[in-house]
Amino acid sequence: MPEPVRHAIESGRAPSPPQVLLRLLQMVDDDSTTMAKLARLVEQDPGLCTRVLTAANSPAIRHGTQLRSIENCLIALGTRLVRSIATCLSVQNLFDERAGTRSVDLSAFWTHSLLVAELSRSLAATSGYQRPDEAYLAGLLHDVGELILLSALGEPYLQLLATCPSEAELSARESAQFGVHHGEIGTWLADQWHLDSPFADGILFHHLPAEQIVTAAELPRLVWLAHALISCDEIPDGLAALAEQILANGSSARLTGLRDEAEQRMCIIADAIGIAPPESLPFPRSPLDTVATFRYGFAYGYGEAAVGR
């Protein structure tokens, strides 16, 4: 890792793992865990409690009287949705508290990350991958290196984001300017958090060329495919053919349906944790779709335009 980036991270600007989240992920993977036990854990995090109550009582979830107990809310939401909300909120809170990201609107970043996460999980379930929730977390954190670089480097990295013409060019420009790209930084974080190697590879390889991803392990291929699918409005034949290799039944029609379902779930979770795509603007297929600021002459997204200066 380049010395300036290493120094910035070791100066205390890289996040520690969210302990409540890690414990929650362990508990929901344990068949002996009851909703009462899970409720006691959720109650240790006031922010998570609030979001769970809000989500469970939203029009999309609630059917009948208002839910007031955390346990009843968890039952209404189900462990899958609770895991999604807790994961995104915990990681979001880590970076919302960091100096380099505090004044930047990251709503587009998180809606993009949530969408990749939801679609990664759906593709994992479709392909028969044994740990679909691992695919979800890898999808959610696939761009986490961007947040670390932003919090560590501040304005120079923000300028790179704002002037990069496409997400496809981002890794190359990061490496050229800073000696490391966000996939490598995200992989470093996964190692610091003692996450499994396939999980780290899902973060590292999400920008790999199509001809190379076919030789990767299953989890990186699923995250790569989810990322590729949400980066295009119409699914090209080449991508559909590659999906068939990865999923065995990845027809274009089915892929579009999975993506649409993932968008619907993403919107529910985004609303529950208080974020949403910019209104009256094209849906952000990638964080760089919304990297715009008044300073750099773009339309909307990261930076001062969203800070309210």
* Structure fact -> Ranking 154, 70, 116 by how far each Cα lies towards the positive end of the charge dipole of the stretch 68-198 (+1 on Lys and Arg Cβ, -1 on Asp and Glu Cβ), the top one is 70
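With N denoting the number of residues in the stretch 130-203, provide Rg(C-alpha) divided by 2.2 N^0.38 Å, to two decimal places. Don't skip to the end; give the middle numbers.
Numbers: Rg = 12.9 Å, N = 74, 2.2 N^0.38 = 11.3 Å.
Expressed relative to 2.2 N^0.38 Å, the Cα Rg reads 1.15.
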* Asked: Hey, can you rank 144-157, 256-269 by average C-beta count inside 10 Å, highest first?
  -> 144-157, 256-269
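With all protein chains present, how much of the accessible area of the stretch 119-184 (probe radius 1.4 Å) comes from carbon and sulfur, to the nearest whole percent?
Working: 1020 of 2040 Å².
Roughly 50 percent of what the probe reaches on the stretch 119-184 is carbon or sulfur.
Mind ranking 49-55, 34-40 by how tightly packed they are, going by the mean number of other C-beta atoms within 10 angstrom, highest first?
Values: 49-55: 19.4, 34-40: 15.1.
So the order, starting with the most tightly packed, is 49-55, 34-40.
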* **Probe 1.4 Å, protein heavy atoms only - accessible area per residue of the stretch 117-162 in square angstrom** => 22 Å²
* To do: Keeping the other protein chains in place, figure out the carbon and sulfur percent of the accessible area of the stretch 27-70, with a 1.4 Å probe.
  => 49 percent
* Which of rounded, prolate, oblate describes the stretch 85-237, given a ≥ b ≥ c as roots of the alpha-carbon gyration tensor eigenvalues and a/c under 1.5 marking rounded, otherwise prolate only if a/b is larger than b/c? -> prolate
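The values are calculated or read from the model by the stated rules, or taken from the named source; none is laboratory data. Here the structure is a predicted model, which is why all the values come from computation and not from measurement. Note that we place each Cβ from the backbone using ideal geometry, even for glycine, and neighbour counts take in every protein chain shown. Note: accessible area is taken over every heavy atom of the protein model, side chains too, but ligands, DNA and RNA are not part of it. Shrake-Rupley method; radii C 1.70, N 1.55, O 1.52, S 1.80 Å.
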